[in-house]
1. From the mean inverse distance of alpha carbon pairs (Kirkwood) and the Cα radius of gyration, derive Rg over Rh for the chain.
2. Which angle between 0 and 90 degrees, to the nearest 10, do you get for helix 21-46 versus the longest principal axis of the chain when only C-alpha atoms count?
3. Divide by every residue of the chain the summed helix terms, -39500 (n - 2.57) for each DSSP H run of at least 4, and state the resulting mean residue ellipticity at 222 nm, rounded to the nearest 500 deg cm²/dmol.
4. In terms of the Cα gyration tensor, with a ≥ b ≥ c the square roots of its eigenvalues, is segment 44-105 rounded because a/c is under 1.5, prolate because a/b exceeds b/c, or oblate?
5. Charges on Cβ only, +1 for Lys and Arg, -1 for Asp and Glu, centred on the Cα centroid of the chain; of Q42, V6, L62, which one is farthest towards the dipole's positive end?
6. Return a single number: how many Lys pairs in the chain, at a sequence separation of 8 or more or on separate chains, have alpha-carbon atoms below 17 angstrom apart.
7. From the phi of every residue in segment 50-56, what ³J(HN,Hα) in whole Hz does the Karplus formula 6.51 cos²θ - 1.76 cosθ + 1.60 yield, where θ is phi - 60° and glycine or proline is x?
8. Using mean Cβ contacts within 10 Å as the protection proxy, how do 58-69, 96-107, 76-87 order, highest first?
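We did not get these values from a lab; they are worked out from the coordinates using the rules stated. As the structure is a computational prediction, the values presented were derived from the model and not from experiment. Here the Cβ positions follow ideal geometry from the backbone for every residue, glycine too, while neighbour counts run over all protein chains shown.
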Amino acid sequence: MGSRFVNIRKLVALDILLHGRPFILVEFSLGTALPLALGVQQILDGLSGFFLSLVVGFYLALTGVDYLLLLVYAVIISRKDSAEDEAESELQNKSKYNRQQFILLVPLLVLFIGLKQEFDRQRETNSGTRKV
């Protein structure tokens, strides 16, 4: 899965390099809070019988969960001031990252990909064979 999809952490680092830390932190904060809030509101509306509201609500809420992972990565990378180090090798591949940002539209896909990549990264670190 990791090789077919962009590295989520590097995607965030690249976004920070290209658009600036303040912009990305605000974008990911709003991308988390707004869909979650609107999603919960739609879910509550849907409980009174509107099935479409439930569907839209769950879609929005789960999209907000994806952005929560992006926000966590953005905060970690910002605190470490490591965006340049983490994205340096990917600057020449930024068109690949632009093409694959569609995954943000699929609820929970970013979360699942990011968690798998993080587990793989931890396993490589623990085994002492981490790739640079």
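1. On the Cα set of the chain, Rg over Rh gives 1.04.
2. That works out to roughly 30 degrees.
3. Here the helix-only value at 222 nm equals -24500 deg cm²/dmol.
4. Verdict is oblate for segment 44-105.
5. The one lying farthest along the dipole's positive direction is V6.
6. 6
7. 3J(HN,Hα) across segment 50-56, in whole Hz: 8, 4, 4, 5, 5, 4, 4.
8. 58-69, 76-87, 96-107
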